[in-house]
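Here's the structure we're looking at; comments come further down.
The values are calculated or read from the model by the stated rules, or taken from the named source; none is laboratory data. Quick caveat, the model's predicted, so the values are computed rather than measured. With ideal geometry, Cβ positions are generated from the backbone for all residues, glycine too; neighbour counts draw on all protein chains shown. Just so you know, the surface numbers come from the protein's heavy atoms only, side chains and all, with ligands and any DNA or RNA stripped out. Shrake-Rupley method; radii C 1.70, N 1.55, O 1.52, S 1.80 Å.
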Number of protein chains: 2
Amino acid sequence: MALPYTKRGVTHLPPPLVLVLLYFVLILIGAIALKVPFATAIPITWSEAIFTATSALTVTGLIVLDTSADFNLFGQIVIICLIQLGGLGLMTFAVLILSMLGLPVGFTQNLYLREDLNQTSASDLFSLTKMILRVVLLCEIVGAALLALVFIPEFGWREGIWQSFFHSISAFNNAGFSLFPDSLSHWVGNPVVNIIVPLLFIIGGLGFTVVSDIWRIHNWRQFSLHTKLMLVGTIVLLIWSTLTFAAMEWTNPATLGGLDWATKLWASWFQAASTRTAGFNTVDIGGMTDSTTLMFMLLMVIGAGSSSTGGGIKVTTFIVLVLATLAFFKRRPTVDIFGRRISADQVMKVLALVMVTLSLILTSLFAMLIFHEGAFLDLAFEAISAFGTVGLSRGVTDQFDPIGRIIMIFIMFIGRVGPLTIGFLLAAQKPKRISYPTGTIYLG
Amino acid sequence: MALPYTKRGVTHLPPPLVLVLLYFVLILIGAIALKVPFATAIPITWSEAIFTATSALTVTGLIVLDTSADFNLFGQIVIICLIQLGGLGLMTFAVLILSMLGLPVGFTQNLYLREDLNQTSASDLFSLTKMILRVVLLCEIVGAALLALVFIPEFGWREGIWQSFFHSISAFNNAGFSLFPDSLSHWVGNPVVNIIVPLLFIIGGLGFTVVSDIWRIHNWRQFSLHTKLMLVGTIVLLIWSTLTFAAMEWTNPATLGGLDWATKLWASWFQAASTRTAGFNTVDIGGMTDSTTLMFMLLMVIGAGSSSTGGGIKVTTFIVLVLATLAFFKRRPTVDIFGRRISADQVMKVLALVMVTLSLILTSLFAMLIFHEGAFLDLAFEAISAFGTVGLSRGVTDQFDPIGRIIMIFIMFIGRVGPLTIGFLLAAQKPKRISYPTGTIYLG
Ligand SMILES: [K+]
Ligand SMILES: [K+]
């Protein structure tokens, strides 16, 4: 470790607090920028400005205003900047800023760097950051160029190019913001949109440790355990959710029922892939059956990858949960996968993470139910969507009163900053001093 | 260990399967006994008979018939026998039968006996069983005698005595079956009913390791860790849930609103205590607010004690979850409480248990949503109530069609037998053979 944990440099603020303050300040700046008269086509309230800024910076995508009609170009630029900053930029910059401030960067090794990069200096961090930014820019530019093939013929040069860039950046950062009132429903059967947009948000959702592994190593055997788990987990989740969605909605007139079979398949693929964290939609989310809605809530809780633009408990956390449960039923005391052991310590972390997530979701939902009228399923869906920074809506978020909005702002903030803060805590574990004898408890 | 794990005696069936078969056979016998013409006042269908037998044997208490009006005395006797057998009897008898068959009784030590009783012979088991039966009988007779003070003046001698015994047995076994169509709502403000019935189901729900600890040892310091955790956890849960229920329902006209303040307090205490697993009610469960309903679903998942008449993931499992999460945030690598360590191994078990429970609840709910029409919250509540063998209902269970009933029968069966089976699995852990190097995964 280049900088020991105890060295604190210019500031004595703990890193999680720095992160929270950073987000807080950026939301305020964003809200002010959105509130200026030339940002919007109509006058907007402070609660609308703060809600939109929070939703953009936390890459959630829940909206209380129509992004295309209510915001002018300047407002849209502010939104897309907040998205870029909140998605990957802020994390990358935070790494740089914290290490420059002399703050502990031990967490960076654990969180962001591959396990074989044990020696990290400030210059290593800087080159890592450069590589991340290069990958991000490359993906977003290529994505925009390909989306332009659809958007320029439809909207003309000027409008089409702006649409392409906006949706490419929004997709790569898993933000779910769209310049169309019904998200991407107009392109429900368009092959280019159905391939490029998901590709962007899947890559962005893998997390940059995985992307850098794939970028530099082209050999499955040399991939880190984390990369292998993320790739296998993502593929399995994509196939499972696509097939389940198609099976459950195939004849539902409110969603897939009226489409031809090719469009049904495109829509199933897009919607299933988008739900874990991207938050775009090509079918009507409010029209889905209750069983699909339940499955979607599960997908939103699972989320995307660590150190990615996505939210949720993360795919690897979910895999460890499943593996630990299977190991228990196979009566194996340890969790082994791909020739590697997952330590009991990491299983403990997973447990803590899941418990905190469940508590936060339940508390949020509780607050929503007490302070806001609405159907239980709708409120549960919106709360989980906000917590997982997904942004899908059953159509109740835009009807929220100020209290409902404040709660949603809080949930989005917690949903994005909370897991990151836990990430910091994952870093260093103090050794315990007293050793007690083991006690027996009867469980289950 | 008196009998080594590998010695299997007369049968080669694994213990969990024996337990499942035992429950299955008893449900069939119970259903046949309820289907005979003189058991009921009106002809009933097979699905109604099987549903009632399952609900009684799994001590759930969900009903599709009116226990007082539709069943004759014989039918009610069959029901109370199934309750007694399913509540404590079957577990006690299973211990005896399995050990007599020469089946592994290693699990008995882990599950049922105090940690200081490491040497267990068949005669020890027999005397333990005798003690359990003595405590059960004592509680039920004393309970019935005290309830008779209320029921005999109201219903006369013959009817009053039967009511007293039925409700005492139903309460001690956390069955929730009542001979009144609106459960115990008539006695919402009656101090005797509000003290005796909860006392019975709380003692029954503590689990007999705890009861035997209290019975034999009268010194807090000498209590086992399990007993201490159960007592503290139960008291904290009782206080918290009573206060929360009172706060949220105080002015709700459908529940507490119309009552005087003393009755409000009695009702809050009774309903909050009853919800974790007993399943009696003195207020209208369907009239509660959505937020209270959510809290109740949480309480039903937590449940009562291990090796008790209650269901759910169990109070100790919940405490370990909370302690493990707190330990993580305090950056302690181990979980310590009351001067004892909870091993990483046990935390792993808790994780597996919670994951299985969540999977089963989600799968059940999924099946309900696909095959049965109904409001999401109502179906979720009934599914969790069945899984936790609670028996509270928002009034939709008695409207279920045969498919809905079959799913509910399945959930009740899984809810009662599943955790017990997991209990068996908790017993012996095979040592693993290959040791892999530890891999790093990024979580959260
Ligand atoms: K999103
Ligand atoms: K019950």
Position B:V232, label points 7 Å along Cα→Cβ, spacing to each other copy in nm (shortest first, one decimal): 4.0
In order through the range A:405-411: 3J(HN,Hα) via Karplus (6.51 cos²θ - 1.76 cosθ + 1.60), integer Hz, x for Gly, Pro: 5, 4, 4, 5, 4, 4, 5
Förster radius 45 Å - calculated FRET efficiency between B:W261 and B:R134, Cβ distance, rounded to 0.05: 0.65
Other protein chain Cβ atoms within 10 Å, averaged over every residue that makes up B:316-325: 4
Label point 7 Å beyond Cα along the C-beta direction, distances from B:S68 to other copies (nm, shortest first): 6.3
Inter-copy label distances at B:L133 (7 Å, Cα→Cβ; nm, one decimal): 8.0
Cross-link reach list, aspartates and glutamates versus A:K349, counting only Cα pairs under 15 Å and skipping chain neighbours closer than eight places: B:D345
Peptide B:343-350, shielding by other chains (average Cβ, 10 Å cutoff): 6
Under-5 Å amide H pairs with A:I337, H placed in peptide plane, nonlocal only: A:I342
Of all accessible heavy-atom area on the range B:10-426, the percent that carbon and sulfur account for (1.4 Å): 71 percent
The range A:148-240, accessible area per residue, ligands and nucleic acids excluded (1.4 Å, Å²): 41 Å²
Shielding by partners - mean other protein chain Cβ count within 10 Å, residues of A:372-381: 3
Accessible area that becomes buried as A packs against B, both chains, 1.4 Å probe, Å², nearest 100: 7600 Å²
